1. Other chains near B:101-112: what is the mean number of their Cβ atoms within 10 Å of each residue's Cβ?
2. Helix B:47-57 versus the longest principal axis of chain B: what is the Cα-based angle in degrees, 0 to 90, to the nearest 10?
3. Can you give me the distance in nm between label points at residue B:67 and residue A:59, each placed 7 Å from the Cα along the Cα-to-Cβ direction?
4. Between residue A:80 and residue A:124, how many nm apart are label points set 7 Å from Cα along the C-beta direction?
5. Calculate, for region A:31-172, the solvent-accessible area per residue in square angstrom, rolling a 1.4 angstrom probe over the heavy atoms of the protein chains.
6. Does chain B come out rounded, prolate or oblate, given a ≥ b ≥ c as the square roots of the eigenvalues of its C-alpha gyration tensor, rounded meaning a/c under 1.5 and, failing that, prolate meaning a/b above b/c?
7. What residues of region A:56-75 lose no less than 30 Å² of accessible area with every protein chain in place versus their chain by itself (probe 1.4 Å, heavy atoms only)?
8. Would you please give the FRET efficiency between residue A:23 and residue B:15, computed as 1/(1 + (r/R0)^6) with r the Cβ-Cβ distance and R0 = 25 Å, to the nearest 0.05?
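The values are calculated or read from the model by the stated rules, or taken from the named source; none is laboratory data. Please read all numbers here as calculations on a predicted model, not as lab measurements. All Cβ positions, even for glycine, are placed from backbone atoms using ideal geometry, and neighbour counts span all protein chains on display. What goes into the accessible areas is simple: the full protein's heavy atoms, side chains included, and nothing from ligands, DNA or RNA. Shrake-Rupley method; radii C 1.70, N 1.55, O 1.52, S 1.80 Å.
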Amino acid sequence: MFPLLLGLSVLEMGSGYVLEALEATYVDNPTLLVLVPVMIGMGGNLGAILSSRLSTRLHLGVLEFDLRDTVLWTNIIAILSLAATVFTLLALAAWVIGRFITGTPMALADLLIISLGSGMSLAVLAILLSIGATYVSYRLGLDPDDTTIPVVTNVADICGVLILSGFAILVL
Amino acid sequence: MEIGEEVRRIYRESIGILCVSLLGGLFAGTVLGSEAMRAGFREFPGLLLLLPAFLATRGNVYGAFGARISSGLHQGLIEPDLGWDRRLVNAVVASFINGLGISVFIGALSWAILQALGRESARLVELVSITFLAGLLTSVVLVFGLLILVFGSYERGMDPDNLIGPIVTMLGDVFGVVFLYLAIVAIGVVL
């Protein structure tokens, strides 16, 4: 297991490099730092919920990889609604916390754009990853219970900070 | 079944646990955004570089540990109490070694990357001591916290599979960042 952990840590350095490169932006806007842990974890959470649901359906033999499959769309809509709720709450909470930890809080509108924009992009990425990983496992004859969650959570972890930084640069 | 109704059911089942995870993340974010922590980032260049990798170990190391415990409980191979059990001790020792090893590696790697890029960096001994100390404290709390919480809930008839993920995220978010901060303060005083 240790070699796998080493490999993942090296990949995580990619998002760390972006944080370090944008150090001035993050350290001068502490409200952005408040978003970082949630962005690192939440894409993985959403992907894990979807992956578990998809692999259970695959095991039951009722999953179809078809764009007309209503169950697939039901799951996608549910994940997007969950993401919209969580990332709106995150923006509001970060705005309140920002008022306490810094003298100059960010504008609520900016925070909403950054949190919802990066959060929804992350959710779409998690959805594509979950469906893709489940499909690939199925084609390769692997058990998606063992493969999808590690793949989806790790890729989403790494991309969370990258996407957040992208939106922060666009808005600020 | 009606799509809207099914969407609402999935939403209801998941929103609670996502909000718990959100609270943990917000607490961690508040610590990260605090004046003291920002001063630490300025004092020890390289900490921001290693932060995502350090926070990710919670899921990779302790999530795997939790999954092993939960499978052991389901199969009846592990008893739900903190006694001297070979399987339990092996799982605990393995995750301590993985958690500490990876923390030290992350500290050293962060230093090496900044050296290679010719960028300003804290000393190797500073970064490695900080990640070692933070990794050690996090391991102790996550391993024993997980065991106590999972065993306790299991004895009340809850399925450990549904508990591991949220508990790891919650404990990892809250204690990972707090111990990173404590390590920065301690190493700042000692070195």
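1. Mean partner shielding for this stretch: 3.
2. Approximately 20 degrees, to the nearest ten.
3. Simple spin-label model gives 1.3 nm for this pair.
4. The answer from the label model is 0.9 nm.
5. Result: 41 Å² of accessible area for each residue.
6. Verdict is oblate for chain B.
7. So the qualifying set is A:74.
8. Efficiency, from the Cβ-Cβ distance: 0.10.
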